Amino acid sequence: MLYKLILLLLFPVFIFANSQKDILLLHSYNIGLKWTDNITKGVKGVFENHPKYELTIECMDSKKTTSKKYFETLTKLYEEKFSSRHYEVILVADNYALNFVINNHEKIFNNSPIVFCGVENFEDIKIPKKIKEKMTGIIEYKQITKNIQVVSKIIPNLDTLYIISDDTLSSLAIKNQIIQESKKFADRFNIVYDNKIDIKTIVNKVNKLPDNSAVLFTSLYRDIKGKYVTYNKLRELFNKSKYPVFAINKIHLGEGIIGGVVVDPEEQGRLAAQKAFELVKGKEIQNIPIDIPSSKYYFDYNILEKFNIDSSSLPENSNIINIPKTFFEKHRKIIDNTFLLMPIFVFLIMGLIVNIIKKIKLENRLLEQSKLDKVLLNNIQSIVYWESTDSKLLGCNDALCTFLDFKKNEIIEKEIGYILPEVNDLFYKNEDFIEELETQIKLGTKEFDALIRRKKYFNKDNIEAGVVTIISDVTKIKKLENQRKKNEQFLIHRSKLSEMGEMITSIAHQWKTPLIEISTIAQELLYKRKKISTIEDTKQTVDDIMTQVRYMTETIDDFRDFVKPSAKKSKFEINAAIFELLKVVEHNIKYNYIDVNLNFNNKSFKVYGYPNEFKQCILSVINNSRDSILKRKKVEEDLEAVINIDVVDEDNYTCIYIKDNGIGIKEKNLERIFEPFFTSKKEGDGFGLYMVKLIIEDKMDGKIEALKSQEGAKIKISINK
C-alpha cells in the first residue's frame, strides 16, 4: 500500500520530467552587447512557435574578461551547473563559446548536438571527428572584398582606406582574410590596416587621413591598452569622423556609419534556431548542412546626406534606413490636433455640406441625363422612355420622337395616357405590374408587332421613382420565327413520311395473312352453299371473317395514331408508347429475323412531352439499327440479330438506351451523325437522326447522344422526368 502511495505521489514529477525539453544558448559575450542581443532576438523569434521548449541563456562575457583563471573558474561553474542536465541541443554563439563546448563536450554538456552561429574561420578550428559529426550551424563570413568595392564605388578618387580592427579572438580570426583580400586593391589606392587602436586618440588619427579617404570598421572591443570599448565610444568615433565610416556588421547601422555589406546577427540566430528544431524533430544532423548566409547591402540615408552621396551610386537591391518621412508622418501631431478642433468647424461644414449635396444632385442628374441621351439611348433603334410614379414622361430617346413625329420638348412632362394611349391602356387597366408583353400596336402611322418590356427603377433611398419602358419592333423576328417553325415542321413531316413508308410496308405484310384467310373463308363459303348449310355454319363463317377484319382495323388504327401529330405536350407512359410502336412495325422486324428485347426493370416510366413525336424518334433509331444489322448480315449470314431497349432512371432524367449488334458507328462520327445532311447510307438524305435530335432536344427539352460501343451502335436518349 505504501509503495503504491509513493508511486502516486511521484507520478506528476515523472510526467513533468519527461515532458520538459530544454535547449541551451551559450553566448561568448555578454547581454547588452548589440551582437549578443540581436542573436538572442533571432533565436527567441523561432522559439515563439515552439512553446513547449524552454530556452536557457548563458553568457561567458569573454569580451570583458579573458584571463586563464576566469575561464578555469567558469569551467568549474558550468560543470556544476550543466553536467547533471540534458539539453536537446546546445546553441553556441561565436568562437569563444564554440571552443569551450568542444573542449568540454562530454564532461559538461553530455555529448548533446551542437548548433553554432557567429563563428568565423570554422574550417581552421581543430575539432575531434566524433564531435564534428554531432555539429552543424551558421558560419559568419564577412564580405571584405565586396565592402572595399562598395567604398571605392561610392567614394570617387579614393585615396586611402583606413581599416580598423583589434586583437580579440573574433577579430584575429579574420585578420588574414582582411589583409589578403585588401591586397587586391593595393594598386588603386592606399590601404592601412590598424589593429593597435587607442580609443582616446582614434578620432584625431582618422581625421588626419589624406583627402578622399574612408574608414572600414571591422570590430573594436578592446583597445591597445586592453580597455573594453563601449558603444558610446564607437558612436563618438563614427559621428566625429571627418570621413565616411563603412562597417561589416549590421549592429552599427544607425549609429553614425554610412553602411556597407553587413552580416546580420539576428538572421544568424534565427537560422541557427531553425536548424536546432530540425534536430529535435528527428532529422539526422548529417542531413542538416552548415550554411553561410549571404550578406546584404544596408545604408543610412542621413549619413549619405551628410557626405553628399547620391543614392543612385549605391548597389542594386540596397536597403536604406532613415528615409525622410512623408508629409503626413512629419506633421502627424498637427493633423491630430486639427481633428481635435473639428467641433469648432461643424457649423461651417454643415453649411458647406448642404451646398455640396445640392451641387452633387444637380451634377448627377445632368450627367445621367447626358449619358443616357447621348451615349446609349439614341443609338438604340427600339423605343425607350421612362416615366414618373404619377405617369408623366420624364425622358425618352429619339426613336419615340420619330415614331410619334413630335419634338422631345413637346412631350416631356406630358401624361403617358396622352402621348401613348394604346400602350397606357395595355398596362394601367391591370392592377398587377406587367414586366413583359408581346402584342400588336399602332404608334403614329405605323402598325407593328411589338415586344414591350418594363422595369421599375428606384432612387438613392431605394424608393420607387418610376418605370422604364422599352418597345421593340419584332415583326421581322416573328416572321423569321414562323418561317423557322414551318421549315422545322416540314422537315419533321418529311421525316415522318419516310418512317410512314417503312410502316406501310410493314402493314402490307401484316395484312397479307388476314386477306389470305378471308379469301379462304370466302371460297369455303361458296363450297358450303353448293351443299346444304345451316344457319350455324353461316354465322361461324361471318365470325371468322369479322375476326380478320378487326385485326386489320386495329392495325390501321395503330398506324393512324402514329401518323397523327400530338396536339400539345402531355404526360405519357414510355412503356406503352414503345409497345404501341413495336406493335405497328412488329412484322417488319420479325421479317428480317431481328429480336427486340425490352427491359423496363419492372417499372412504369412517365415523362412530359409529345407522345407521337417520341414514337417517331424511337422508330427512326430502330430503323437505323435495323439497316445497320442488315448490312452486317450480308457479310455474316448466321448473325443472331438483336436490338436491346433499356429504360432506366438517372438523377432527374429518364434514359432510353437502344443498343444493336449491327456494323456500328465510327468513333469520329459519334457526334456528326446528328448533323443535317450527314449520312453513311448510299441512298440516305441525313435527315432522320437530325429530326430525332430536333424533336428530343428542342421540343422535349431532352438530350440524345451516340455512345462508344465495342459492338454495334448504342444511342442514349435522356428526357426530363
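Past 20 Å, Cα to Cα, is the threshold; run LYS64/LYS196; LYS358/LYS455; LYS442/LYS479 against it and keep the listed order.
LYS358/LYS455
Let me cross-check ARG672: its accessible surface, 1.4 Å probe, with only protein heavy atoms counted, in Å² to the nearest 10?
Counting only protein heavy atoms, the figure is 100 Å².
Sticking with the crude label model, points 7 Å out along Cα→Cβ, report the distance from ASN207 to ILE380 in nm, one decimal please.
Computed distance between label sites ASN207 and ILE380 equals 8.3 nm.
Return the loop-located GluC sites (Glu not before Pro) in the stretch 61-116 (DSSP other than H, G, I, E, B) with at most 13 other Cβ atoms within 10 Å of their own Cβ; answer none if there are none.
Filter output for the stretch 61-116: GLU106.
Give, in nm to one decimal, the length gained when the segment between ASN669 and LYS21 is fully stretched (0.36 nm per residue of separation minus the Cα-Cα distance).
So the extension gain works out to 226.2 nm.
Could you state the number of Å between the C-alpha centres of the stretch 254-268 and the stretch 601-619?
84 Å
Once you put a point 7 Å from the Cα of LEU348 and another 7 Å from the Cα of ILE323, both along the Cβ direction, what distance in nm separates them?
It works out to 3.6 nm between the two label points.
How much accessible area per residue does the stretch 361-409 have, in Å², with a 1.4 Å probe?
66 Å²
Using DSSP to call loops (not H, G, I, E or B), can you name the GluC sites (Glu not before Pro) in the stretch 582-691 whose Cβ has at most 13 other Cβ atoms within 10 angstrom?
Loop-located and lightly packed - GLU636, GLU637, GLU640, GLU671, GLU683.
Taking the Cα centre of the stretch 286-427 as the origin and placing charges on Cβ (Lys, Arg +1; Asp, Glu -1), which of LEU420, ILE303, ILE292 is farthest toward the positive end of the dipole?
Toward the positive end, the furthest listed residue is ILE303.
Taking a probe of 1.4 angstrom, what is the accessible area of LEU169 in Å², to the nearest 10?
Solvent-accessible area, nearest 10 Å²: 60 Å².
Considering only Cα-Cα distances, which of the following residue pairs are longer than 18 Å: LYS34/LYS250; LYS456/LYS476; LYS205/LYS233; LYS359/LYS407; LYS63/LYS227?
Checking Cα-Cα distances, LYS456/LYS476; LYS359/LYS407 exceed 18 Å.
For ASP124, tell me the accessible area in Å² from a 1.4 Å probe, rounded to the nearest 10.
Answer for ASP124: close to 120 Å² accessible.
Working with all protein chains in place, sort ASP461, ASP649 by solvent-accessible area computed with a 1.4 Å probe, largest first.
ASP461, ASP649
Which residues among the stretch 86-103 fall inside the zone where the amide N is under 17 Å from a point 7 Å beyond the Cα of LEU172, along Cα→Cβ?
94-100
Identify the residues of the stretch 586-614 with backbone N under 16 Å of a label point that sits 7 angstrom from the Cα of LYS571 along the Cα-to-Cβ direction, or state none.
604-611
So how strong a dipole does the stretch 613-721 carry about its Cα centre when Lys and Arg Cβ are +1 and Asp and Glu Cβ are -1, to the nearest 20 debye?
That gives the stretch 613-721 a dipole magnitude of about 300 debye.
As an exercise, use a Förster radius of 35 Å and the Cβ-Cβ distance of TYR301 and THR338 to find the FRET efficiency, rounded to the nearest 0.05.
Efficiency, from the Cβ-Cβ distance: 0.75.
Order TYR657, TYR385, most accessible first, counting only protein heavy atoms with a 1.4 angstrom probe.
Correct descending sequence by accessible area is TYR657, TYR385.
Among all the aspartates and glutamates, which ones have a C-alpha under 12 Å from LYS414's C-alpha, if same-chain residues fewer than 8 places away are not counted?
Partners found: GLU387, ASP390.
On a 29 Å Cα-Cα criterion, which of the cross-link pairs LYS153/LYS240; LYS142/LYS275; LYS44/LYS183; LYS44/LYS333; LYS81/LYS296 come out too long?
Long pairs (Cα-Cα over 29 Å): LYS44/LYS183; LYS44/LYS333; LYS81/LYS296.
Find how much the distance from GLN180 to LYS476 grows on full extension, using 0.36 nm per residue of separation minus their present alpha carbon separation; answer in nm with one decimal.
97.2 nm
Once the piece of chain linking ASN287 and LYS52 is laid out straight, how much longer is it, given 0.36 nm per residue of separation minus the C-alpha distance between them?
82.2 nm
Compute the FRET efficiency between ASP649 and ASN364 as 1/(1 + (r/R0)^6), taking r as their Cβ-Cβ distance and R0 = 51 Å, and round to the nearest 0.05.
With R0 = 51 Å, the Cβ-Cβ based efficiency is 0.35.
If DNA, RNA and ligands are ignored and the probe is 1.4 Å, what is the ranking of ASP166, ASP405, ASP701 by accessible area, most exposed first?
From most accessible down to least: ASP405, ASP701, ASP166.
In the stretch 454-470, whose amide N lies under 17 Å from the spot 7 Å out along Cα-to-Cβ of THR389? List them in ranges.
It comes to 455-468, nothing else.
What's the FRET efficiency of SER294 with GLN149 using the Cβ-Cβ distance as r and R₀ = 22 Å, to the nearest 0.05?
0.90
Label points 7 Å out from Cα along the Cβ direction at LYS721 and ILE463: separation in nm?
5.0 nm
The values are calculated or read from the model by the stated rules, or taken from the named source; none is laboratory data. Nothing here was measured: the structure is a model prediction, and the numbers come from that model. As a convention, Cβ positions derive from the backbone with ideal geometry for all residues, glycine included, and neighbour counts pool all protein chains shown. What goes into the accessible areas is simple: the full protein's heavy atoms, side chains included, and nothing from ligands, DNA or RNA. Shrake-Rupley method; radii C 1.70, N 1.55, O 1.52, S 1.80 Å.
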